[in-house]
Amino acid sequence: MSPDNNSRLQITDLVAGYGHNVVLRGVSLQVNQGEIVTLLGANGSGKSTVLNTISGFLKPTQGTVHLDQKSITGIPPHKTFRAGVVQVSQARDLFGDLTVEENLKLGAIIKGDEALGLKQVFEYFPRLSDRYDQQVSTMSGGEQQMVAVGRALMSQPMLLLLDEPSGGLSPSFVKEIGEITVRMKADGVTMLLVEQNLRLALEISDRYLILRDGKVIDGGSTDNLEGSHEDIVRTIYL
Amino acid sequence: MKLNRSIFWIFPLLVLALPLVLNQYLQYVVNLILVYILVGVGFNIVVGNLGQLAFSNVAFFGIGAYASGILTTQLGMPWWLTVIPAGLCGALAGCAASIPALRGVRLFYLAIMTLAFGELMRWLYIRTPGLTGGSMGLTVPEPAVFGWMLTTEYHKFYVFLFIVVVVVIATSRLLESRIGRAFLAIKNDENAAAAMGIPTGQYFLLAFALSGFVVGIGGSMYAALVGHLSPEDFDLIQVILHFAIIMVGGLGSLIGSILGSILITATPEVIRHFEWLVGSEEWIFGVSIIVVILFLPRGLSSLLAKVNSIFKDRYYRN
Amino acid sequence: MNALQKSLKTAAIAIAIASVSGFAAAAERGITDTSIKIGNIGPFSGKAAMFNPLNYGSVAYMRYVNDMGGVFGRKFDVVLGDTACAQAKGIAAAKKMIYDEKVFMITVNPCSGVAMAIKPTLVKEGMPWSGVSANPKITGSVGSGGTSAPPKYMFHVTPNGYFSGMTMGKFIMTKPNTKKIAIVAHTNDWARGYCDPAIDYIESQGAEVVLDTAMERGSTDATAQVLQIKTKGVDGVLGCLYQPELVVLLKAAHKYKLNTPIIGALGADFGQVVQQVGNAKAVNGVFFQGHLYKDKIGSPALEWGKQILLKYLTKDELPKTGDPTHFYYFGLFNGIGVVEGFRRAGRDLTRDTYIKAIETLSDYDNNISAGRVTITPQQHVGVSDMYFNGLDKDGNEVIFSSWGKALH
Amino acid sequence: MIEQIQSVLTNWDAMLPVLPQLVVSGIAIGMLYALIALSMTILYRATTVVNFGHGDLVMLGAYALFILMPMVTFNIAVESSALGLLASFVPPFLVALILSLFVLFAMGYIIHRVFIWPILKGPHLSLALMAIAIGYAVRGVIRKEYGKEVLQMPRPFPEQEFEVFNWGGIGTYMTLDEMIFCGVVIVMLLVSYIVFSKTRFGQIVQAMFQTQRGSSLVGINVMHYNNLIWGVGCSLGALGGVMLGLALALDPDVGVWTLLRGFAAMTLGGFGSLYGAVIGGLIIGILEKVLGVFISTAFIEITCYLVIILVLLIRPKGLFGQHATLRI
């Protein structure tokens, strides 16, 4: 598969794992500019591992990762960050004792326009501008998720990796996150998503990919799937 | 290769013949190894099995040694009768050392606290000259067993070997039982263990007391072997030694404790063999530990476990 | 190797040796016609390594004797052993010397704890031991801090802690109107080995030890000690301290204007202490340091010793900076006595003849120590007096035999 | 014990006038503890690793200066170039000091990069023992080379004492050493306060203290900054070592002594708190002196142990501590 010009992220035959435990056994996928792609799969199918390998927390043993036709295979997280890949991890990994302001500003400490970033983040999350001085560890899960996404946006990333953005959130927050994701897409942010909430995932994304046993086994466009998710559920779990 | 666990009996049987081939110097080194096997086994209960970073081991060791020394010199008891009381004194100290852990002091806080406890005990040995001989040290009479004097290193060897085999087997049984599994559960996730209904507090106390008991017996043997106790023997260098034994051998592994004590006790003697290395012991020791941690992070026992799965400790998973 | 092979080999060696020498001496371990094997043990590593020069001083003298042709054609084969000043390691070092190296005798051994721990083995094996450790219990007879006859094979050529400590007491008591004494000591056997006999002596003279304070190794400040001493109003201070802490004590004493004499034990080098205090006024008339030699270190009378040390020790064995310190001469002192024993024992050397020879040392002038060496079957400590370094009014180093009285 | 209490009470009148002196010299020595605790805190704060071998690196700092000093002096004497001329205006002690701080910075950087970073994901115990073993090896090398004698630190200025104030005829004194120590520590405290709260570097360190993975997520090169911080911690510790060397003498065993005092100061002040470490150091310094005089000098040694045990039992987070994730 040769990288085509429209692709933002191109992964080819990725093999990776922890020690002797191989998790990814040849994953190939592509995310185009301005697109939202969702990775679906059962627990342990390797979804988060894909994100961690892209952002450099895990070194692949085989395969390549290209961002805008440039290889970012196996380089450490701080370099993938500079290249423009920013991950919002499942655990969020926020700076708990620091304030919302400090967390957001740290998002742009290495790269990015701080003022522009703050303006953007407060547009998406007006609620955060009210909580500017609040210590992050005292906030609710949904608000923390907003800070995490906001922090990731501070560096104006080329590719945003979102690991279960709706995980453990109340329905109203899930809805809000969904709406914001759509708005970010409208603003041209490219995203690769890992999501358990099928409804949300299919609602916001352009395409979906199904991962099982460390391989992409199915995928397609979400356009003509209105209402009939059973096939997908069957592919994921059976 | 299929091996039966009964091969563990071969080692003590093999070493029975050691006095025939060793001179008294090498026999002394072997005896010292036996002492440190108990130290390692005891230390490992708290550090390896329970997963707590407690450096109180040296305190147990010293208390055991001094208990034996004081009972023989002050009360005139024969040495063999003081072994169990020395263990009990160690166990008592273990209970005391578990108090911070019971109060929720963990990790590195626990480490420096128990470090301070050990140093405080050393201070106490110095400040109670009436009992311990103070800084001049306490000369312990030649050990006796049932009226027999252990005059040579060979005599001491058989008695020590008997004690070590009994204690190690008992510890092994205990760690394979429900108690050992509870330790393991606490090590892996304390909150989950508590949620499963394991009374974690009791097991903390038990582990520390057990560790103190085993190490206290080791201390008693040390008193019999060395014959002169001085407070400086139980300082922070000893902490490093104990720590190195279990890390080099393999955390939470009985076989590891044995291998570790053999290696750590024998290394200085190997260096001693090369006279031109005189005075280099410290840095060689430091560098060797660094190398082992870097390249063999799970210790020597992990090497053995690769050779044959029988050497894998059944009560330890990482 | 089975027992039969072993005994055959031993027999073969015995025959070989016997055929060469033809003397009974061949049966004695550690000696041949051309060599005497000596075990030289001490803190080559560990926290008392600053006493290591004691080992090298003895080594230097034996190398010198070897260079002069040895004793009756026998040259010293010195084996070094590290005790790290810790019992368990020290016992290993000593047992290796006895059972593995099969040395004729063990010497130097500065650490009392190790000496006490190996004493039973030495006594059992009849292994001669000439040490420099302080604890009077090691070789002490009734007259030198012990409680019974001295162990047959163990002796000090040098004074032990009992005599040195007592001399510290004697020295301060010769100062007129001395009634109250304070002690500052490390909490180890070395320090107690000096200070306890001193306390006994002082109390036997009707004076009072009003304060016995501790100063830990590594202390950087002696404010508490000095202020306590000051509030007690004492007439003299005995400092059983190693060099760094002694310097700290002297600095603090000067800072708080404690104008009381401070007497140091044998744990420091006088010249270095004066230099390290960095202020002659802080030392002059105040500080007196135990001294064993017939003249000042670096004086012409001891030049021969310095030459031996410089010639026979390698660069690694000598100090990194400056001349050999007091401890090197202390080692020489021990080495000379040990070698003199071999000279007196004659050609037919056995352990028994060696000890008998040592016990003939009487008023022996070794050309290094101030006191003459006398060892008798009842008394295994060679020298029973000590002198004191101090500065005179002009700031020159002087050796005092008692308060205000110079040796020369 | 009862006897001692009685003797304290009877000596109260005699002792009381020396109290100001005890406080002053307690502060002076406490500043030294504070500096060492500060260097350990900085190291811990960024990397959340506690360096059990820190004492020996502190010791190494003093020896580094001792070793470098003759080289520097020699070079300045020989060099006749412009650089040499320039250097001749700077006292050789200062040159050697700066060089030794730099050497220790490099040591810290390399130690973390080569020995600590590869095992960072391993068990806590490996980290603790690794740090101890590094310290032990350093001590062994120094002892092998320089252990046979008591070496004296080169002195940049003569020892002198001053009467700070006089209360009822009893003077309170301070030496020049102590004054300079206090000055240096205060300056260092200010510098680290500014660096940690006002600079970008400080923000990054702050972030790494919170979560290292989170710091990676915002593009911080965690390994590099950890290395740097180890370097900074070690060179700050080396500064403490130089002072220690001036106050005592060069001693390869000073590490253990240092480590426990540093721990006590950190514990009392609260782990991770910079000013807590300093205040903890001062309190322990004063406490040692006061207990040493009013009760017994035997208490000087155990003050720090008692502080550790009591603080952790009664108020584990110390005076100013905050809870944070610990990685040993």
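The values are calculated or read from the model by the stated rules, or taken from the named source; none is laboratory data. Source: prediction; values computed, not measured. Ideal geometry is used to build each Cβ from the backbone, glycine not excepted, and the neighbour counts take in all protein chains shown.
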Residues that are touching a Cys at 6+ places or on another chain (Cβ under 6 Å) and either surrounded by fewer than 24 Cβ atoms within 10 Å (Cβ to Cβ) or touching a residue at least 60 places away in the same chain (Cβ under 8 Å) (or both): find the helices (runs of 4 or more DSSP H) completely inside segment B:1-115 holding 2 or more of those. B:57-74
Taking helices (runs of 4 or more DSSP H) that fall entirely within segment D:178-277, which contain at least 3 residues that are under 30 Å from C:V273 (Cα atoms)? D:222-247, D:254-269
Restricting segment B:247-293 to residues that are of a type in the set (S, T, Y), more than 10 Å from chain D (Cβ to nearest Cβ) and part of a helix (DSSP H, G or I), the residue that is nearest to B:F43 (Cα to Cα): B:S257
Being within 11 Å of chain D (Cβ to nearest Cβ) and either under 27 Å from C:E216 (Cβ atoms) or more than 20 Å from the chain's Cα centre (by Cα) (or both) is the requirement here; does B:P297 meet it? yes
Being surrounded by 15 or more Cβ atoms within 10 Å (Cβ to Cβ) and more than 24 Å from the chain's Cα centre (by Cα), is that true of even one residue in segment D:172-182? yes
Find the residue count for segment B:190-249, including only residues that are acidic (D, E) and closer than 24 Å to D:S126 by Cβ. 2
Filter segment A:57-115 for residues that are small (G, A, S) and within 26 Å of A:L128 (Cβ to Cβ); which is surrounded by the most Cβ atoms within 10 Å (Cβ to Cβ)? A:G107
Being closer than 30 Å to D:Q206 by Cα and not hydroxyl-bearing (S, T, Y), is that true of even one residue in segment A:39-50? yes
Being surrounded by fewer than 20 Cβ atoms within 10 Å (Cβ to Cβ) and β-branched (V, I, T) is the filter here; which residues of segment D:287-302 pass it? D:V290, D:I295
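This table checks each residue for (1) part of a helix (DSSP H, G or I); (2) modelled with pLDDT of 90 or more; (3) more than 22 Å from the chain's Cα centre (by Cα); (4) of a type in the set (S, T, N, Q).
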| residue | (1), (2), (3), (4) |
| --- | --- |
| B:W123 | yes, yes, no, no |
| B:I126 | yes, yes, yes, no |
| B:S135 | yes, no, yes, yes |
| B:Y154 | yes, yes, no, no |
| B:F160 | yes, yes, no, no |
| B:V164 | yes, yes, no, no |
| B:G197 | no, no, yes, no |
| B:F204 | yes, yes, no, no |
Out of C:G285, C:G278, C:G271, C:G305, report the one residue that is of a type outside the set (S, T, N, Q), more than 17 Å from C:A191 (Cα to Cα), within 13 Å of another protein chain (Cβ to nearest Cβ) and in contact (Cβ under 8 Å) with a residue 40 or more places away in the chain. C:G271
Let me confirm something: among B:I240, B:I255, B:I245, which residue is over 21 Å from B:G64 (Cα atoms) and of a type outside the set (G, A, S)? B:I255
Within segment A:178-198, is there a residue that is buried (at least 23 other Cβ atoms within 10 Å of the Cβ), closer than 16 Å to A:E123 by Cβ and touching a residue at least 24 places away in the same chain (Cβ under 8 Å)? yes
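Residues checked against (1) modelled with pLDDT of 90 or more; (2) polar (S, T, N, Q):
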| residue | (1), (2) |
| --- | --- |
| C:Q5 | no, yes |
| C:A25 | no, no |
| C:M50 | yes, no |
| C:L54 | yes, no |
| C:S58 | yes, yes |
| C:G70 | yes, no |
| C:K75 | yes, no |
| C:A84 | yes, no |
Do we have A:D231 as assigned to a strand (DSSP E or B) and within 29 Å of A:L14 (Cα to Cα) here? no
Six or more apart or on different chains, Cβ under 6 Å: which pairs go from a residue in segment D:128-148 that's facing chain B (nearest Cβ under 7 Å) to one that's of a type in the set (S, T, N, Q)? Could you list them? D:K144/B:S280
Going through D:V290, D:V311 one at a time, which residue ends up being farther than 23 Å from D:M130 by Cα, more than 10 Å from chain C (Cβ to nearest Cβ), at pLDDT 85 or above and in a helix (DSSP H, G or I)? D:V311
Just for strands (runs of 3 or more DSSP E) wholly inside segment C:59-135: which have at least 1 residues that are surrounded by 24 or more Cβ atoms within 10 Å (Cβ to Cβ) and within 14 Å of chain B (Cβ to nearest Cβ)? C:75-82, C:105-108
Against the condition buried (at least 19 other Cβ atoms within 10 Å of the Cβ), in a helix (DSSP H, G or I) and more than 14 Å from every other protein chain (Cβ to nearest Cβ), how does C:I263 come out, does it pass? no
Within segment B:234-261, how many residues are among the β-branched types (V, I, T), touching a residue at least 60 places away in the same chain (Cβ under 8 Å) and within 27 Å of B:G137 (Cα to Cα)? 2
Sole miss for A:V50 among (1) part of a strand (DSSP E or B); (2) in contact (Cβ under 8 Å) with a residue 60 or more places away in the chain is condition (1)
